[in-house]
1. What's the ranking of 22-31, 57-66 by average number of surrounding C-beta atoms within 10 Å, highest first?
2. Principal axes first, then extents: for the Cα atoms of the chain, list largest minus smallest coordinate on each axis, whole Å, largest first.
Amino acid sequence: MKQCIACGMPMKNVDDYPLGDTTKDYCKFCARPDGSMQSYDEKLASMTQFIIRTQGLNVNVAQESAAFMMRKLPAWKKGDSND
C-alpha cells in the first residue's frame, strides 16, 4: 500500500489513484483533472477547505494547519520543486 506524497492518504485501491494510474505517488484528491499533481498552492487551498469543512475551523487557522501538515509530507519538503 502506498501513501500519497502530497496529502498522506493511504492508497489501497486502484480508484484511489489519479485516473486509476497506480504508478503515481499521489492520490486522486491531489491530482488535476488531467492526472497531473496539483501545485503546492492548489493543494494548500483544497486542504484548507477540507479542514474547514470537516473540523469547522476558521480560514486562517485551517490554512496554518494545512501548511503545517503539508511541510511533513515528501512532496512539499523544502528543496523539492513540484509546482
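Quick note: the coordinates plus some simple rules give every number you see, no bench work behind them. A quick note: this is a predicted structure, and the numbers were derived from the prediction, not measured. Don't worry about glycine lacking a Cβ; one is built from the backbone with ideal geometry, like all the others, and counts go over all protein chains shown.
1. 22-31, 57-66
2. 35, 29, 23 Å, listed from the longest principal axis down.
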